[in-house]
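Here's the structure we're looking at; comments come further down.
Every read-out reported here was derived from the displayed coordinates using simple, explicitly stated rules and does not represent laboratory data. For clarity, every value in this text was computed on a predicted model and none was experimentally measured. Every residue, glycine as well, gets a Cβ built from its backbone with ideal geometry; the counts of neighbours run over all protein chains shown.
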Amino acid sequence: MAVNDRPRPIVGKVALVTGAARGIGRAIALRLARDGADVCLVDLSAESCEAVRAEVVVFGGRATAVGADVSNRDDVFGAVEHAVRELGGLDIMVNNAGIAMVETIADVRPEAVDRLWQININGVLWGIQAAAAAFIELGRPGKIINASSIAGHDGFPMLGCYSASKFAVRGLTQAAAREFADKQITVNAYCPGVVGTDMWVDIDRRFAELTGAPVGATYDKFVSGIALGRAQTPDDVAGYVSYLAGPDSDYMTGQAGLIDGGLVFR
């Protein structure tokens with residue numbers, strides 16, 4: 001199907017995506033643009049999003065980019081204000097930015113945990129706050145979509161603190177869904193599994209350092225457990241986020257859906 005022949009369920013909507021310069025965030029931003037949204041691309045620097053912004057323009061959408069550190073509340077609120085000012089509003093907030101950490105519970109140190117919490121938990125919290133405030137001020141319903149993980153459903157060895165951060169995202173998602181329901185704001189999460197991105201390259205390398213396994217062995221082991229027989233792509237995740245961003249999910253809130261090809265079952 002040609003791009004111009006695709007269903008465009010969110011034409012006229014404005015979406016903000018954090019961590020949009022690469023990987024899953026990039027795929028989400030491009031998918032939402034194909035679906036008709038104007039997109040505000042957020043990453044540590046606006047320049048890092050320039051290639052993605054240019055791709056969005058090819059689809060006929062509008063795009064703007066802004067640099068922000070999601071661990072900084074003022075930065076996140078500033079990014080939302082930028083989207084409203086430059087694109088005329090906000091309808092969809094995708095709190096995608098996050099980092100991984102592979103370390104044993106016995107050896108993890110405060111500075112590493114603090115950084116993980118600041119980005120993976122606080123970054124989502126500030127995004128929820130900023131988006132909800134914007135939706136309410138604009139007087140319109142909205143959709144908040146948060147990045148959790150299969151590690152937010154199961155705890156994995158050497159991913160204990162990362163798992164804890166993603167369990168926290170599920171808790172924030174559920175609580176925010178209840179708190180903002182009367183404002184017609186839905187809050188859901190997506191839970192990827194083994195995605196072929198730079199993050200998983202780093203995870204695999206760190207597992208090799210800790211376990212002595214050959215580089216690539218941990219990745220292959222996880223992939224071998226996927227029922228559908230392959231690692232997922234960023235586009236697989238983006239397709240599910242597209243559903244959460246569109247009208248077909250209007251009656252869904254507080255959920256954290258697994259999109260992992262059949263690795264963790266609930």
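Take the alpha-carbon centre of the range 151-169, take the same for the range 209-266, and report the distance between them in whole Å.
Spelled out, the Cα-based centre of one part sits 14 Å from the other.
Express in nm, to one decimal, how much length is gained between Arg115 and Glu209 on full extension, taking 0.36 nm for each residue of separation and deducting their alpha carbon distance. Mind showing how you got there, number by number?
On the way: separation 94, 0.36 × 94 = 33.84 nm, distance 2.10 nm.
Length difference between fully extended and current span is 31.7 nm.
Please list, ordered by chain and number, the residues whose modelled amide H lies under 5 Å from the amide H of Ala65; skip anything fewer than 5 residues away on the same chain.
Leu41
Need the list of aspartates and glutamates near Lys183 for cross-linking: C-alpha distance under 14 angstrom, and skip anything on the same chain fewer than eight residues off.
Asp91, Glu137, Asp250
At a Förster distance of 22 Å, what's the computed FRET efficiency of Ala217 paired with Arg266, Cβ-Cβ distance as r, to 0.05? Please list the in-between numbers first.
Details: r = 27 Å, r/R0 = 1.24.
The formula returns an efficiency of 0.20 here.
Label-point separation (nm) for Ala106 and Asp250, each offset 7 Å from Cα along Cα-to-Cβ?
5.5
Can you compute the helix-only [θ] at 222 nm over the chain? Use -39500 (n - 2.57) per DSSP H run of at least 4 residues, normalise by all residues, nearest 500 deg cm²/dmol.
Values: 9 runs with 114 residues, N = 266.
Rounded to the nearest 500, the figure is -13500 deg cm²/dmol.
State which helices in the chain qualify, where a helix is a whole DSSP H run, it must extend 15 Å or more along its own axis by its Cα atoms, and its mean Kyte-Doolittle hydropathy must be at least -0.5.
Passing helices, by number: 23-34, 73-87, 123-138, 160-180, 198-211, 234-245.
Below 14 Å, Cα to Cα, which aspartates and glutamates can Lys166 reach? Residues fewer than 8 away in the same chain don't count.
Of all the aspartates and glutamates, those that pass the test against Lys166 - Cα under 14 Å, at least 8 places apart if same chain - are Asp154.
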